[in-house]
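**Student:** Have a look at this one before I ask anything.
The values are calculated or read from the model by the stated rules, or taken from the named source; none is laboratory data. All values reported here derive from a predicted model rather than from experimental measurement. Ideal geometry is used to build each Cβ from the backbone, glycine not excepted, and the neighbour counts take in all protein chains shown. Areas reflect the complete protein model, heavy atoms only, side chains present, ligands, DNA and RNA absent. Shrake-Rupley method; radii C 1.70, N 1.55, O 1.52, S 1.80 Å.
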Amino acid sequence: MTVSAAPVTVVILTRNEARNLQACLDSVRDWVQAVQVVDSGSTDTTVAIAEAAGVRVVTHPFDTHTRQWRWALETLPIVTEWVLALDADQCVTAELRTSMIAALGGPQSNAVAGYFVNRRQIFRGRWIRHGGYYPKYLLKLFRRRAVSLDDRDLVDHHFSVSGATSRLTGDLIEDNHNEAAIADWTAKHNRYAVLQARQELFARRGGPRLPISSIFGHPDARTQWLKEQWARLPLFARPCLYVCYRYVLRAGFLDGREGFVFHVLQGFWYRLLVDVNISEQMGATAGETAPVEPPLHATAQHDVGKS
């Protein structure tokens, strides 16, 4: 902590993040008031890295991202009003740091409950700038008492706030070194396809809608609106339509060889796996008429909702 530290507590969720955590910590620890790590049972040197940096580490079993974040925000001894919620593979750029400090120190901060930041996705060393993937705004900086999450989101987690929001300049760089091998990336997305299918099937069968959907709203409201339109498209056709939209209409081809791999895998292959799982699960429960509750436990920790 420095004398001029911003009135922010950074909270980071970890599990076996030794390849990512140091860069994340280096990007925040010299200008915020506190950094706290919630670890869910790392077997590598993640905890040692955090402790060596003077960071408080608390261990808590992982259930879902939403529940882990809710536990962290309700339980950790956070003394600041503002929280910056990060994944271990995310780093704050100098421009974003300056923007955060200026925003929180300005008079307009009193009227704002949360700030959206722009994510810069790195895949196999390449910045994915096209295909509708940049800019991508995520709510990451918020007042602790104003934030909420929704348990029905099994794969992703989305923060929402009661109050006004604004956007910050500068990027949040996301570069997951745990997925340097494509086999690790595909294995994780294969697991998440099952959870995503359960979540979509639950919604199709009359489960409660996630809140706030508007094409003209803030970034998360628009994302939710697009997801609702996506759910109305026919299975198996929608992955084909989506990859064409991203790779051709949104110029994903400009991202080069790595972009081709990313847009095809993330925009088509993963979505196709979800549709296959939805089809299988619909067939397995064809006789049910009531909504099927989503499972309580996720099977992996890394977040695909960044996608």
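**Student:** For the stretch 87-153, please list each of the strands (runs of 3 or more DSSP E) lying entirely inside it that holds at least 3 residues being of a type outside the set (Val, Ile, Thr).
**Tutor:** Working: elements: 90-92, 114-123, 137-143.
Once the strands (runs of 3 or more DSSP E) in the stretch 87-153 are filtered for at least 3 residues that are of a type outside the set (Val, Ile, Thr), what remains is 114-123, 137-143.
**Student:** Hey, another quick one. With the condition kept exactly as written, say whether any residue in the stretch 270-286 is assigned to a loop (DSSP other than H, G, I, E, B) and either crowded, with 16+ Cβ neighbours inside 10 Å or at pLDDT 60 or above (or both).
**Tutor:** Just the residues of the stretch 270-286 that are assigned to a loop (DSSP other than H, G, I, E, B), to begin with: 285-286.
Of the ones still in play, those that are also either crowded, with 16+ Cβ neighbours inside 10 Å or at pLDDT 60 or above (or both) are 285-286.
Checked the stretch 270-286: at least one residue is assigned to a loop (DSSP other than H, G, I, E, B) and either crowded, with 16+ Cβ neighbours inside 10 Å or at pLDDT 60 or above (or both).
**Student:** What's the number of the only condition in (1) more than 23 Å from Val79 (Cβ to Cβ); (2) among the β-branched types (Val, Ile, Thr); (3) exposed (fewer than 15 other Cβ atoms within 10 Å of the Cβ) that Thr64 fails to meet?
**Tutor:** Here Thr64 clears every test but (3).
**Student:** Also, I was wondering about something else. Filter the stretch 67-83 for residues that are charged (D, E, K, R) and either without any contact (Cβ under 8 Å) to a residue 12 or more places away in the chain or not in a helix (DSSP H, G or I) (or both); which is most open to solvent (accessible area, probe 1.4 Å)? Working first, answer last.
**Tutor:** The first filter runs over the stretch 67-83 and keeps only residues charged (D, E, K, R), leaving 67, 70, 74, 81.
Imposing the further condition that a residue be either without any contact (Cβ under 8 Å) to a residue 12 or more places away in the chain or not in a helix (DSSP H, G or I) (or both) reduces the set to 74, 81.
Values: Glu74: 133, Glu81: 103 Å².
Filtering first and then ranking leaves Glu74.
**Student:** Considering only the stretch 3-58, state which residues are among the small types (Gly, Ala, Ser), within 16 Å of Val92 (Cα to Cα) and under 21 Å from the mean Cα position of the chain (by Cα). Can you show your working first?
**Tutor:** Just the residues of the stretch 3-58 that are among the small types (Gly, Ala, Ser), to begin with: 4-6, 18, 23, 27, 34, 40-42, 48, 50, 52-54.
From the residues that got through so far, the ones that are within 16 Å of Val92 (Cα to Cα) too are 5-6, 23, 27, 34.
Selection gives Ala23, Ser27.
**Student:** Which of the residues spanning the stretch 118-167 are touching a strand residue (DSSP E or B) at 6+ places or on another chain (Cβ under 7 Å) and closer than 22 Å to Asn178 by Cβ?
**Tutor:** Arg119, Arg120, Gln121, Ile122, Trp127, Ile128, Tyr133, Tyr134, Lys136, Leu138, Lys140
**Student:** Across the stretch 1-14, what is the total count of residues that are closer than 13 Å to Ala53 by Cβ and part of a loop (DSSP other than H, G, I, E, B)?
**Tutor:** So the count comes out to 1.
Residues checked against (1) among the aromatic types (Phe, Trp, Tyr); (2) free of Cβ contacts under 8 Å to residues at least 12 places away in the same chain; (3) in a helix (DSSP H, G or I); (4) buried (at least 16 other Cβ atoms within 10 Å of the Cβ):
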{"site": "Asn16", "(1), (2), (3), (4)": "no, no, no, yes"}
{"site": "Arg19", "(1), (2), (3), (4)": "no, no, no, yes"}
{"site": "Ala23", "(1), (2), (3), (4)": "no, no, yes, no"}
{"site": "Arg29", "(1), (2), (3), (4)": "no, no, no, yes"}
{"site": "Gln36", "(1), (2), (3), (4)": "no, no, no, yes"}
{"site": "Thr43", "(1), (2), (3), (4)": "no, no, no, no"}
{"site": "Ile49", "(1), (2), (3), (4)": "no, no, yes, yes"}
